[in-house]
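Single-structure report; data block below.
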């Protein structure tokens with residue numbers, strides 16, 4: 001009969017016995033070992049992995065072990081129930097945890113240690129707090145876009161200011177939000193024809209701000225009256241804007257209302273949404 005070979009990694013060494021008709025392995029007296037070899041005439045066992053739940057058996061062996069210690073804090077892997085492990089921080093930083101600066105570390109219990117994170121003004125001021133004490137203020141929409149009422153495109157970039165280090169959520173979701181600095185934010189939003197309304201909040205470890213509401217109307221090109229149809233009502237309004245730089249009739253956003261914009265309107269004549 002060919003030799004039966006077991007090969008596995010030690011991490012960590014378990015204390016359960018492995019027995020068979022011709023051998024017994026009991027590493028309980030060597031729990032601090034980093035490597036463990038046991039060999040016999042019909043098998044080789046090298047090391048041990050976290051315990052296997054239940055019984056594993058074959059024609060010439062039987063392994064009995066428990067389900068305890070399946071996940072181990074300190075093994076360098078973020079296991080279920082752990083926020084971090086050693087140097088593995090799950091891409092988190094002081095800034096992502098709501099602080100301005102500092103070094104995020106992982107505690108011996110595999111939870112985030114923010115004791116070296118700081119918020120507020122820099123050193124030298126005296127009396128400053130090293131952690132957040134209040135929920136963030138409502139985020140601001142930048143004055144460059146805050147008064148934008150409509151757009152002829154299905155996407156729009158929102159951006160503005162935030163309380164230092166706060167996480168920004170648009171309609172409760174922070175997906176796609178980026179942070180050019182600790183006090184600014186931006187995100188590209190998708191629009192649907194008609195009026196689009198968004199609630200923007202800021203969150204940190206102390207709470208969530210009230211929502212800043214931003215509204216923008218996504219128009220069909222040529223629909224200056226926002227009635228969902230390109231018709232003679234829109235044309236009469238378009239003619240009055242001819243030659244100006246009014247954004248209402250500047251469909252190609254080149255700064256002038258001219259025959260290029262008129263051709264874009266004609267191409268959609270009678271179209272409805």
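The values are calculated or read from the model by the stated rules, or taken from the named source; none is laboratory data. Predicted, not measured: the structure shown is a model, and the values here were computed from it. Glycine gets a Cβ as well: all are built from the backbone with ideal geometry, and neighbour counts include every protein chain shown.
For region 91-112, a residue qualifies if it is at negative phi, in a loop (DSSP other than H, G, I, E, B), surrounded by 17 or more Cβ atoms within 10 Å (Cβ to Cβ) and modelled with pLDDT of 85 or more, and exactly one does: 104.
Consider region 151-192 and keep the residues that are over 21 Å from the mean Cα position of the chain (by Cα) and surrounded by 15 or more Cβ atoms within 10 Å (Cβ to Cβ). The one that is farthest from residue 230 (Cα to Cα) is 191. Consider region 78-89 and keep the residues that are in contact with a strand residue (DSSP E or B) (Cβ under 9 Å, 6 or more places away or on another chain) and exposed (fewer than 14 other Cβ atoms within 10 Å of the Cβ). The one that is modelled with the lowest pLDDT is 79. Taken across region 246-258, residues that are out of contact with any helix residue (DSSP H, G or I) (no Cβ under 8 Å at 6 or more places or on another chain), surrounded by 15 or more Cβ atoms within 10 Å (Cβ to Cβ) and not in a loop (DSSP other than H, G, I, E, B) do not occur at all. Listed by first and then second residue, the pairs with beta-carbon distance under 6 Å, at least 6 apart or on different chains, first residue in region 170-182 and assigned by TED's automatic domain parsing to the domain that holds residue 209 and touching a residue at least 40 places away in the same chain (Cβ under 8 Å), second surrounded by 11 or more Cβ atoms within 10 Å (Cβ to Cβ) and assigned to a loop (DSSP other than H, G, I, E, B), are 182/100; 182/164; 182/165. The residue pairs whose first member lies in region 248-265 and is not assigned by TED's automatic domain parsing to the domain that holds residue 234, whose second member is surrounded by 11 or more Cβ atoms within 10 Å (Cβ to Cβ), and whose beta carbons are closer than 7 Å, counting only pairs six or more residues apart or on different chains, do not exist in this structure.
Scanning region 226-243 finds one or more residues that are touching a residue at least 40 places away in the same chain (Cβ under 8 Å), farther than 30 Å from residue 172 by Cα, assigned to a loop (DSSP other than H, G, I, E, B) and over 28 Å from the mean Cα position of the chain (by Cα). From the list 145, 200, the lone residue that is under 18 Å from the mean Cα position of the chain (by Cα) and within 28 Å of residue 248 (Cα to Cα) is 200.
Within region 177-197, the residues that satisfy the criterion of being closer than 20 Å to residue 146 by Cβ, in a loop (DSSP other than H, G, I, E, B) and touching a strand residue (DSSP E or B) at 6+ places or on another chain (Cβ under 9 Å) are 177, 179, 180, 183, 191. Contact map, region 99-127: first residue in the same structural domain as residue 163 (by TED's automatic domain parsing) and farther than 26 Å from residue 80 by Cβ, second residue surrounded by fewer than 16 Cβ atoms within 10 Å (Cβ to Cβ) and modelled with pLDDT of 75 or more, Cβ cut-off under 8 Å, separation 6 or more or different chains; the map is empty. Here residue 220 does not fit the description of being outside any loop (DSSP other than H, G, I, E, B) and more than 17 Å from the chain's Cα centre (by Cα). Report, by residue number, each residue of region 198-212 that is farther than 18 Å from residue 142 by Cβ and either in a strand (DSSP E or B) or in contact with a strand residue (DSSP E or B) (Cβ under 8 Å, 6 or more places away or on another chain) (or both). Hits for region 198-212 are 203, 204, 207, 208, 210.
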